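Remarks on the structure that follows.
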Amino acid sequence: MKTASSFIAFVAAATVAASASANLRITEVMSSSGTGGTSDWFEVTNYGSSSMSITGWKMDDGSFNLAAAVALSGISSIGAGETVIFMESAAGAGVAAFSAFWGSGSTQVGFYSGSGVSFGSGGDGVCLFDTVGALTTQVSFGAATTGSSFFYGYDAAGAVDASYNGLISSVGTIGTQVTGVSVDSLGNVGSIGTAIGTVPSPAACALLGLCGLVARRRR
């Protein structure tokens, strides 16, 4: 009995860790900035109830290939409910210009760079790998509308909600999300630092995983 209890406790702890990673989601992508726009960028939201360290995390484009992934830099952690941006920029040289262009205010802006990770305006994708190389979140998108980003929302199970799957940003409202907040004088449209949708908290995910484990052991 002690061995079984120890095993369940171990799996519960592992489930908590895994579910915490699973609460980071890609919520917006810009693959074709318009006139005066900056580099490709994507937005990540922490839907969990605690801060998540992303030190050692990597990203890749639509190949979703860990071997081709490059490091995320400039941001070490994402707070509970926080939304951050990562832009393509060698050594972060373009971060200040990005923040000025989009008026990102207090939103954290990180960066990445490397061979083969630029987004294709004709259609591509982006994903994140955690410190052990596990794929934690990914999205795909079609041909871009120049100057407008793509939006993603998530359902209660943490999957991309079909109603908010790669919607092209426009001035107005998508669900509970006011879009076009960061419309600039040149017509570029995005909504930096905010996201839509909800996913289970880490504790809820851990409980579901543990209940499933116990049910299997009873059978």
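Fully extended, how many nm does the chain gain between ALA80 and SER163 (0.36 nm per residue separation, minus their Cα-Cα distance)?
27.5 nm
When the Cα centres of region 110-133 and region 45-108 are compared, how far apart do they sit, in Å?
Cα centroid of region 110-133 versus Cα centroid of region 45-108: 11 Å apart.
Would you please give the residues with an amide H less than 5 Å from that of SER51, counting only those at least 5 places away or on a separate chain, with H modeled from the backbone geometry?
ALA80
Specify whether the C-alpha gyration tensor of region 24-198 places it in the rounded, prolate or oblate class, a ≥ b ≥ c being the square roots of the eigenvalues: rounded for a/c under 1.5, otherwise prolate if a/b is larger than b/c and oblate if not.
rounded
Once both labels are modelled 7 Å past Cα along the beta-carbon direction, what's the LEU135-SER121 spacing in nm?
Roughly 2.8 nm, to one decimal.
Quick one: putting +1 on the C-beta of Lys and Arg, -1 on the C-beta of Asp and Glu, what dipole do you get for region 24-198 around its Cα centre, in Debye to the nearest 20?
Roughly 120 debye, rounded to the nearest 20.
Quick check on packing: order 77-83, 45-51 by the mean number of other C-beta atoms within 10 Å, highest mean leading.
Result, highest mean Cβ count within 10 Å first: 45-51, 77-83.
Among ALA96, GLN138, GLY123, whose Cα lies farthest out toward the positive end of the dipole of region 24-198, if unit charges sit on the beta carbon of Lys, Arg (+1) and Asp, Glu (-1)?
ALA96
Each reported figure results from applying straightforward, stated rules to the coordinates on display, with no laboratory input. What you see is a predicted model, and the numbers here were worked out from it, not measured in a lab. Backbone-built Cβ (ideal geometry, glycine too); neighbour counts: all protein chains shown.
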